[in-house]
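Novice: Structure provided below as structure tokens; questions to follow.
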Amino acid sequence: MTTHAFADESKRPDYLVAVARMAHADLANGRRTLRALHLAGQRRLHMVKERPSRQRLILSTISSMPVVVTIYRARSGPTTHERERRGRCLDGVVHDLATRTCARLVLERDETTVRTDRARLYTAARRESCLDLEYVHESAAVEPLLALPDAVAWAWNRGGDWRRRTAPLVDRVSDV
């Protein structure tokens with residue numbers, strides 16, 4: 001079964017990259033489900049900007065979807081910069097995707113990271129011998145499924161009841 005992966009980060013307190021994997025056959029329905037959650041005039045779902053009642057609704061909806069999430073965590077340290085922590089997370093993502101039938105990795109577009117991400121992903125894909133993995137940067141307004149990793153990474157870093165709501169979706173947390 002071919003899957004697609006969608007990645008987004010949360011930066012505090014730990015640097016997390018959440019990767020949501022969904023079967024190719026479920027993508028269209030997943031996009032429809034998430035678009036149905038948009039309020040009038042809303043271009044994308046973003047957990048930081050939602051009210052708590054909407055956050056609960058979004059997490060409840062996501063929990064009913066056929067998605068599996070892996071969290072890559074790079075803990076803060078006195079000598080590690082955010083760029084290096086992100087790079088270690090991306091290395092872990094490519095390592096894991098190399099062992100799965102993943103056709104495409106979509107990362108949320110942040111113009112400040114695109115160039116370094118592409119170089120890191122290229123190197124990691126060559127190292128893992130998975131040169132057929134397509135990786136692209138998209139905005140969440142264009143790719144609604146980027147709401148999946150955004151919501152899970154946000155909830156995981158918040159902890160408490162928020163983490164509990166997403167725990168069934170998370171197959172593992174990988175410290176990198």
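Values in this text are rule-based calculations from the coordinates and carry no lab data. Note that the structure is a prediction, hence the values are computed from the model and not measured. Here Cβ is always computed from backbone atoms with ideal geometry, including for glycine, and neighbour counts include all displayed protein chains.
Novice: In nm, to one decimal, how far is the modelled label at Arg56 from the one at Thr101, with both set 7 Å along Cα→Cβ?
Specialist: 4.0 nm
Novice: Let me ask another. State the extension gain, in nm to one decimal, for the chain segment bounded by Arg172 and Ala28, taking 0.36 nm per residue of separation less the distance between their alpha-carbons.
Specialist: Extending this stretch completely gives an extra 49.3 nm.
Novice: While we're here: About its Cα centre, how strong a charge dipole does the range 3-175 have in debye, to the nearest 20, once Lys and Arg get +1 and Asp and Glu get -1 at the Cβ?
Specialist: With only Lys, Arg, Asp and Glu charged at Cβ, the dipole is about 480 debye.
Novice: So what are the chain's ellipsoid semi-axes, whole angstrom, largest first, if each one is the square root of 5 times an eigenvalue of the alpha-carbon gyration tensor?
Specialist: Largest first, the chain gives 24, 19, 15 Å.
Novice: Further question: Whole Å is fine, so just give me how far the alpha carbon centre of the range 1-60 lies from that of the range 94-140.
Specialist: With the range 1-60 and the range 94-140 each reduced to a Cα centre, they are spaced 19 Å.
Novice: Further question: If you average the sequence gap of Cα pairs under 8 Å that are 6 or more apart and divide by the length of the range 3-175, what percent do you get for the contact order?
Specialist: That works out to 38 percent.
Novice: Further question on the same structure: Ranking request for peptides 19-30, 111-122: highest mean number of other beta-carbon atoms within 10 Å first, then the rest in descending order.
Specialist: Ranking, from highest mean packing down: 19-30, 111-122.
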